[in-house]
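Notes follow once the structure below has been shown.
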Amino acid sequence: MKTLNIVIFDPTPSGSKGGAELSTFSLSKELSLLGNTLFLVYSSYGSLVPQYSNFCKHATAIKQAELDKRQPIRSILLFIFSLIFLFLFYKKNKIRIDYVYTHSMNHSLFCGIFAKIYGAKLIIHPRVPPAAKPTIQKKLGFFFAKNTIVPSKSMQELWYPYIRSKPTVVYNGLDPAIYLPSAEALKAEKTILSYIGRIHPTKGIEVLIEAFISCLNYRKDIVLNIVGSPYNEDKDYFVFLKKIAQAAGDNIAFLPHTENILNQYQKSSLTILPSLWPEPFGRTIVESMLCEVPAIASRVGGIPEIFKSFPNSELFLTDPNDPQMLLDKILFLIDWREKFPRLGKELRQYAKSNFSIKQKALTIHELLCSSNFS
């Protein structure tokens, strides 16, 4: 099998940032296991850097990889300095680079220029929808991209108008050895429903809270755990959520983000992703499936594609911003262990068969080695 030298650029490699960073890390690790040589470049230190260092030949910090209109002169100088520093570092160490890979559109211009002057090819793997009006910086980044990979057909349709060639769809993959089932939920005194993810208005958490409060009229033995932490700009939204959750008393708990999220899945009876925006994929849904816990999610973005081949997939999908429909789905599935005792194992097997990180990394490796991408 042909092996490649790949620079992975992640501006802030942190497990607390979201699914994009975790998915990039998982993919990078598997690409290294396929015999490829990887190099990490980042501009802000994050919690995943030590883990990257376990399989990357170098982990290199740079000063600036994005032009900032608030500080134009300073950002331009640091941008150029970082390009020169990185170029000289790799040249000094006589490192061949085949591809520069990034998921960050904000930094695609930096990655594109570096790839061009070093004689490598740029691969952009955006894991968020495009902005309504992409900046000039992003548009120039698109120009340098040899090819683009996206995590769903929904994202393919959204991104195609902005780039030179039709993006290739490769669904996100996860490691079934990390996300394992447990009997924790059976030991719990109350039935636990969980939202796990970013605290952000696009996630529709207020819709879930409204549906859950209505659910308490039918079931008193349930609690809702909202697991996640807001960024600074989303703290007002977090305060709003806590205020409306007061109507449920102690039945709703807000728990801080943790990078060791496995136990939260294992003790849940259902997980819920009530998104309002076009989710690029829906990583937490597959994490939940692998833990043998059903997930209810909004019919937006790439989410329906996750369920497309699973029998009776409509049971798990709800219209966005529809608390009544979400309530109906919760009430139907909350006792799934009695109604559908094999459902948990079927979900795990489905996720293993369709969203294995080993399978997805091999697909991407083969794409990078193919004549279409080279």
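The values are calculated or read from the model by the stated rules, or taken from the named source; none is laboratory data. It should be emphasised that the depicted structure is a prediction, and the values quoted were computed from it without experimental measurement. Positions of Cβ are generated from backbone atoms using ideal geometry, with glycine treated the same way; all protein chains shown enter the neighbour counts.
For Pro167, indicate whether it is within 30 Å of Leu262 (Cα to Cα) and in the same structural domain as Ser26 (by TED's automatic domain parsing).
Details: within 30 Å of Leu262 (Cα to Cα): no; in the same structural domain as Ser26 (by TED's automatic domain parsing): yes.
It is false that Pro167 is within 30 Å of Leu262 (Cα to Cα) and in the same structural domain as Ser26 (by TED's automatic domain parsing).
Of all the numbered requirements in (1) more than 26 Å from the chain's Cα centre (by Cα); (2) touching a residue at least 24 places away in the same chain (Cβ under 8 Å); (3) surrounded by fewer than 19 Cβ atoms within 10 Å (Cβ to Cβ), Gln246 misses one, and that requirement is (2).
For Phe373, the conditions (1) touching a helix residue (DSSP H, G or I) at 6+ places or on another chain (Cβ under 9 Å); (2) surrounded by fewer than 20 Cβ atoms within 10 Å (Cβ to Cβ); (3) more than 21 Å from His103 (Cβ to Cβ) all hold with the exception of (3).
Take residues that are under 15 Å from Gly282 (Cα atoms) and tell me which of the helices (runs of 4 or more DSSP H) falling wholly in the range 299-365 contain 1 or more. Spell out how you get there, then give the answer.
Values: elements: 303-307, 323-333, 336-339, 343-354.
Qualifying helices (runs of 4 or more DSSP H): 303-307, 343-354.
For (1) crowded, with 16+ Cβ neighbours inside 10 Å; (2) in contact with a His (Cβ under 6 Å, 6 or more places away or on another chain); (3) in the same structural domain as Thr202 (by TED's automatic domain parsing); (4) under 28 Å from Gly15 (Cβ atoms), each residue gets a yes or a no:
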site: Pro274; (1), (2), (3), (4): yes, no, yes, yes
site: Met289; (1), (2), (3), (4): yes, no, yes, yes
site: Phe307; (1), (2), (3), (4): yes, no, yes, yes
site: Pro311; (1), (2), (3), (4): no, no, yes, no
site: Pro323; (1), (2), (3), (4): yes, no, yes, no
site: Ile330; (1), (2), (3), (4): yes, no, yes, no
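Considering every residue within the range 211-222, establish whether at least one is touching a Pro at 6+ places or on another chain (Cβ under 8 Å) and either farther than 22 Å from Pro126 by Cα or assigned to a helix (DSSP H, G or I) (or both). Steps first, please.
Of all residues in the range 211-222, those touching a Pro at 6+ places or on another chain (Cβ under 8 Å) come to 211, 214.
Next, from what is left, pick out any that are either farther than 22 Å from Pro126 by Cα or assigned to a helix (DSSP H, G or I) (or both): 211, 214.
Yes, because at least one residue in the range 211-222 is touching a Pro at 6+ places or on another chain (Cβ under 8 Å) and either farther than 22 Å from Pro126 by Cα or assigned to a helix (DSSP H, G or I) (or both).
When Val227 is tested against (1) over 30 Å from Pro126 (Cα atoms); (2) touching a His at 6+ places or on another chain (Cβ under 8 Å); (3) of a type outside the set (Asp, Glu), only condition (1) is not met.
Picking from Ala131, Ala120, which residue would you name as being hydrophobic (A, V, I, L, M, F, W, C) and over 23 Å from Phe373 (Cα atoms)? So that I can check it myself, show each step before the final result.
On the way: Ala120 fails: over 23 Å from Phe373 (Cα atoms).
Exactly one residue qualifies, and that residue is Ala131.
Would it be correct to say that Ile272 is in contact with a strand residue (DSSP E or B) (Cβ under 6 Å, 6 or more places away or on another chain) and not in a helix (DSSP H, G or I)? It is true that Ile272 is in contact with a strand residue (DSSP E or B) (Cβ under 6 Å, 6 or more places away or on another chain) and not in a helix (DSSP H, G or I). Here the condition is being surrounded by 22 or more Cβ atoms within 10 Å (Cβ to Cβ) and not assigned by TED's automatic domain parsing to the domain that holds Leu333; of Tyr179, Tyr195, it holds for Tyr179 alone.
When Gly35, Gly46, Gly19 are screened for being exposed (fewer than 13 other Cβ atoms within 10 Å of the Cβ) and in contact with a Ser or Thr (Cβ under 8 Å, 6 or more places away or on another chain), only Gly35 passes.
Kindly evaluate Arg198 against the criterion of being touching a residue at least 60 places away in the same chain (Cβ under 8 Å), touching a Leu at 6+ places or on another chain (Cβ under 9 Å) and among the charged types (D, E, K, R). Reasoning before the result, please.
On the way: touching a residue at least 60 places away in the same chain (Cβ under 8 Å): yes; touching a Leu at 6+ places or on another chain (Cβ under 9 Å): no; among the charged types (D, E, K, R): yes.
Against the criterion (touching a residue at least 60 places away in the same chain (Cβ under 8 Å), touching a Leu at 6+ places or on another chain (Cβ under 9 Å) and among the charged types (D, E, K, R)), Arg198 does not qualify.
Among residues belonging to the range 332-352 that are surrounded by 14 or more Cβ atoms within 10 Å (Cβ to Cβ) and of a type in the set (A, V, I, L, M, F, W, C), point out the one that is nearest to the chain's Cα centre (by Cα). Checked the range 332-352; the qualifying residue nearest to the chain's Cα centre (by Cα) is Ala351. For the subset of the range 162-195 comprising residues that are of a type in the set (Ser, Thr, Tyr) and touching an Asp or Glu at 6+ places or on another chain (Cβ under 9 Å), which member is farthest from Phe212 (Cα to Cα)? Here the answer is Tyr171. For Ser44, the test of being assigned by TED's automatic domain parsing to the domain that holds Asn147, within 29 Å of Ser152 (Cα to Cα), of a type in the set (S, T, N, Q) and out of contact with any helix residue (DSSP H, G or I) (no Cβ under 8 Å at 6 or more places or on another chain) is passed. Would you check if Ser182 is of a type in the set (S, T, N, Q), in a loop (DSSP other than H, G, I, E, B) and more than 19 Å from Ile8 (Cα to Cα)? Considered against the rule, which asks whether it is of a type in the set (S, T, N, Q), in a loop (DSSP other than H, G, I, E, B) and more than 19 Å from Ile8 (Cα to Cα), Ser182 comes out as yes. In the condition set (1) assigned by TED's automatic domain parsing to the domain that holds Lys308; (2) farther than 20 Å from Gly302 by Cα; (3) at pLDDT below 95, Ile209 is compliant with all but (3). Taken together, the residues in the range 164-174 that are surrounded by 15 or more Cβ atoms within 10 Å (Cβ to Cβ) and not hydrophobic (A, V, I, L, M, F, W, C) amount to 5. Scanning the range 66-79 for residues that are surrounded by fewer than 13 Cβ atoms within 10 Å (Cβ to Cβ) and assigned to a helix (DSSP H, G or I) yields Pro72, Ile73, Arg74. All conditions in (1) assigned to a loop (DSSP other than H, G, I, E, B); (2) crowded, with 16+ Cβ neighbours inside 10 Å hold for Tyr265, with the sole exception of (1).
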